[in-house]
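First the structure, in the form of structure tokens, and then the observations on it.
The values are calculated or read from the model by the stated rules, or taken from the named source; none is laboratory data. The structure presented is a predicted model; accordingly, all values stated were derived computationally and were not measured. Cβ placement follows ideal geometry from the backbone for every residue including glycine, while neighbour counts extend to all protein chains displayed. Please note that ligands, DNA and RNA were not included when accessible areas were found on the heavy atoms of the full protein model with its side chains. Shrake-Rupley method; radii C 1.70, N 1.55, O 1.52, S 1.80 Å.
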Amino acid sequence: MRGLRRPMTVSTAELEAHRAHARAVTLGTCLALVSAVLYTATNICLKLVTDCDPYWVSCLKAFPTLVLAGAMVAWTTKQGRSGMPGRRGWLVLAATGLLAHLGGNVGFQYGLGILGLATAVPLTFSVILVAGALIGRFWLGEPISLRSAGALLLLCISVGVLGLHTAVAKSVADPRLSATVAVDSWDKMLAVGVIIFAGFSYTVLGAVIRRTITGSTGMGATLLIISIAGVVVLGAIGGARLGLHGILEIAPIDHQWMLLAGACNALAFLMLTKALHLVPIAYVNVINASQVAMAAVAGVAWFAEPSTAYLT
């Protein structure tokens, strides 16, 4: 009959592609959320060793990732597919790894000792959210819808409010802080700058991982190259700063916290890397930013930071 439209049909291939995309988004979301929980556990462990050398802490933090990635590469090589990149890929991943370890891990550990858990994490993620969206749009070519942009803006505001919680909480906990602000204001400004650079370093690392593992380079190979760069360079710097005597003076329980932080970080990094393989970087960053709220709760529950109206 005229005037009647034929019903639209969807091919089997299109339906299967839609289902595959839905499965990828679901799995990527779950992996990003679990990685946020594990990163929170990592940061709690790191908070307990802020009085130790940040280079040595970051070295031991990277060591479990090196072991895990080495096992992954050994397994895939046995299967006949190592997934190792060429010379240019090695250089790019090694350089990015050094940036993430020196600018990211060491910088975050330094800022964590001055600003505290519930300030350092929100500030880091404020940078990661904004820089991740921009890098994803202009370098990786990942579109950002108006809805996603609005969600990012709302999330950044929430992150900022959580940061204000910590500042108010510290003044409530110790009113004498107002009289000593001028004394350590430069240290705090430096810590804020270092944390901002750490967030940028983590964003660049995530973008490079996203670009690398969507190609021919395997996930295990990517993690292996990045962790090798961190363990070798950070270990050399930390060893030179401390010396053998200084390393032996570190309490065994502190070394245990460092390695536990590294184990949690390795699992979180593995899940985050797989999530970046499945979904866009801006989406992963939004899900992973849930650790900001987890860090604020951990600060109140484990480190006796007082709760404020900003937290609720």
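Values for this structure:
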| quantity | calculated |
| --- | --- |
| Cβ pairs under 6 Å, 6+ apart, first in the range 252-275 and over 17 Å from Asn43 (Cβ atoms), second open to solvent by 40 Å² or more (accessible area, probe 1.4 Å) | Thr273/Met219 |
| Search result, residues across the range 100-132 that are surrounded by fewer than 24 Cβ atoms within 10 Å (Cβ to Cβ), among the aromatic types (Phe, Trp, Tyr) and farther than 12 Å from Val192 by Cβ | none |
| Subset tally (residues that are surrounded by 14 or more Cβ atoms within 10 Å (Cβ to Cβ) and either of a type in the set (D, E, K, R) or within 30 Å of Asn288 (Cα to Cα) (or both)) for the range 237-255 | 3 |
| Set Leu223, Leu259: member being in a helix (DSSP H, G or I) and under 14 Å from the mean Cα position of the chain (by Cα) | Leu223 |
| The lone exception for Cys52 - which of (1) among the hydrophobic types (A, V, I, L, M, F, W, C); (2) under 23 Å from Leu223 (Cβ atoms); (3) surrounded by 19 or more Cβ atoms within 10 Å (Cβ to Cβ); (4) at pLDDT 90 or above it fails | (2) |
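Rundown of residues vs (1) open to solvent by less than 50 Å² (accessible area, probe 1.4 Å); (2) of a type in the set (Val, Ile, Thr); (3) touching a Gly at 6+ places or on another chain (Cβ under 8 Å), yes/no style:
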site: Gly193; (1), (2), (3): yes, no, no
site: Phe197; (1), (2), (3): no, no, yes
site: Ser201; (1), (2), (3): yes, no, yes
site: Gly206; (1), (2), (3): yes, no, yes
site: Arg211; (1), (2), (3): no, no, no
site: Thr217; (1), (2), (3): yes, yes, yes
site: Leu223; (1), (2), (3): yes, no, no
site: Leu234; (1), (2), (3): yes, no, no
